[in-house]
Amino acid sequence: MYPFESAGGHGIYLPQLKLSLDNSHREAEWVFISHAHADHLPRDRHSRVIATPFTHQFMRLRGFKGECSELPFRERLSLSKCDVTLFPAGHILGSAMILIESDAGRLLYTGDTKTPPSPVTEGFDLPEEVDELIIEATFGLPIYKWQPIEEIQAAMQKFALQSLQDGYTPLFLGYNLGKAQEILHLLAPLGVDMQIHGAGFPYCEVYQQAGFDLGNVRAYNRATCEGSILVAPSSALGSGFASHVSRIRTAFCSGWALTEARRMQMNLDAAFVLSDHLDFFELLDVCKTLAPKRIHITHTPNPTVVQHFLEKAGHQVSSLEFSPRSEDADG
């Protein structure tokens with residue numbers, strides 16, 4: 001069994017291996033970064049990092065200047081005290097789970113993960129066997145069950161086209177890295193002009209280089225945005241984004257959109273339950289497939305609920321002490 005310590009924020013530190021997961025620790029020799037969302041990046045931007053090539057590319061765009069050993073999926077890397085292998089996590093482009101092998105056993109840390117995977121990722125794949133599992137449970141309540149992506153895509157396309165036909169500019173709200181590109185990809189078949197928040201546009205170029213179709217997308221231009229499909233993070237609403245457009249319809253894209261309170265709070269015209277995380281039932285299925293000796297859950301709104309269902313299925317479960325994600329975070 002592996003002992004754990006906090007590495008700050010959402011990070012985990014494995015002291016016997018001197019390996020930190022999703023945040024830096026002052027004693028760590030290496031820091032694994034599962035993906036390039038802000039809450040997973042190392043506090044010390046000069047840390048010695050292990051990440052996939054795409055995660056490293058996004059980190060550079062976000063200001064990281066430290067050393068990074070790029071590790072492609074399914075290639076083993078030997079460190080001083082363990083071997084590590086990365087598996088595709090399905091969350092955003094480049095997102096990875098890490099399999100850690102040492103004398104203490106085989107530990108899989110998922111970071112943020114999704115199956116079925118986001119359509120703009122490298123997919124989702126699990127190792128054959130693990131002894132311990134650290135898995136996120138952001139949506140760890142039975143109310144969270146996602147629709148098939150094809151149904152969500154059809155509803156989003158219908159909303160966009162109807163808004164344009166009615167003389168409105170449709171605005172889709174989603175995090176600048178990952179969710180925004182998924183939205184663009186799902187709307188790309190419409191062949192309509194699309195504009196994305198300026199901070200998200202450089203990430204689009206990486207997705208396009210990776211072979212994903214993001215449609216007719218360009219950076220947001222205040223003078224020409226009216227009549228285009230717009231994509232921006234929720235935070236942009238308070239900074240004047242498209243504030244001059246008088247006829248606009250707003251749609252929120254997130255797992256958090258499932259709750260009526262969230263929809264009413266944001267005064268939305270539409271809400272699409274488009275998440276890049278496991279739903280409750282996918283979480284149970286992953287644990288059943290891996291059948292580890294011990295499961296540690298993180299970032300859950302109510303750990304007792306997840307523990308109850310996992311223990312009922314015969315698993316040994318504990319909850320690591322991390323705050324659940326705010327509904328303002330990417331979902």
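Nothing in this text is a laboratory measurement; each read-out follows from the coordinates by a stated rule. All values derive from a computational prediction rather than experimental measurement. No Cβ is skipped: glycine too gets one built from the backbone with ideal geometry, and neighbour counts run over all protein chains shown.
Condition first: assigned to a loop (DSSP other than H, G, I, E, B) and buried (at least 20 other Cβ atoms within 10 Å of the Cβ). Can you find one or more residues in the range 297-313 that meet it?
Yes, the range 297-313 has at least one match.
Any idea how many residues of the range 1-59 are farther than 27 Å from Gln209 by Cα, under 17 Å from the mean Cα position of the chain (by Cα) and aliphatic (A, V, I, L, M)?
1
Looking at the structure I just gave you, is Pro119 touching a residue at least 60 places away in the same chain (Cβ under 8 Å) and either farther than 24 Å from Pro292 by Cα or aromatic (Phe, Trp, Tyr) (or both)?
When the stated conditions are applied, Pro119 passes them.
Looking only at residues in the range 18-45 that are surrounded by fewer than 21 Cβ atoms within 10 Å (Cβ to Cβ) and in contact with a Lys or Arg (Cβ under 7 Å, 6 or more places away or on another chain), which one is farthest from Asp83 (Cα to Cα)?
Checking each candidate, the answer is Arg45.
Which condition number in (1) touching a strand residue (DSSP E or B) at 6+ places or on another chain (Cβ under 7 Å); (2) surrounded by fewer than 24 Cβ atoms within 10 Å (Cβ to Cβ); (3) of a type in the set (S, T, N, Q); (4) part of a loop (DSSP other than H, G, I, E, B) is the one that Gln147 fails?
Unmet for Gln147, out of (1) touching a strand residue (DSSP E or B) at 6+ places or on another chain (Cβ under 7 Å); (2) surrounded by fewer than 24 Cβ atoms within 10 Å (Cβ to Cβ); (3) of a type in the set (S, T, N, Q); (4) part of a loop (DSSP other than H, G, I, E, B): (1).
Pairs needed: first member in the range 199-211, without any contact (Cβ under 8 Å) to a residue 40 or more places away in the chain; second member anywhere, surrounded by fewer than 17 Cβ atoms within 10 Å (Cβ to Cβ) and not in a loop (DSSP other than H, G, I, E, B); C-beta distance under 8 Å; at least 6 residues apart or different chains.
Phe201/Arg218; Phe201/Ala219
Condition first: in a loop (DSSP other than H, G, I, E, B), more than 21 Å from the chain's Cα centre (by Cα) and among the basic types (Lys, Arg). Can you find one or more residues in the range 247-254 that meet it?
Yes, the range 247-254 has at least one match.
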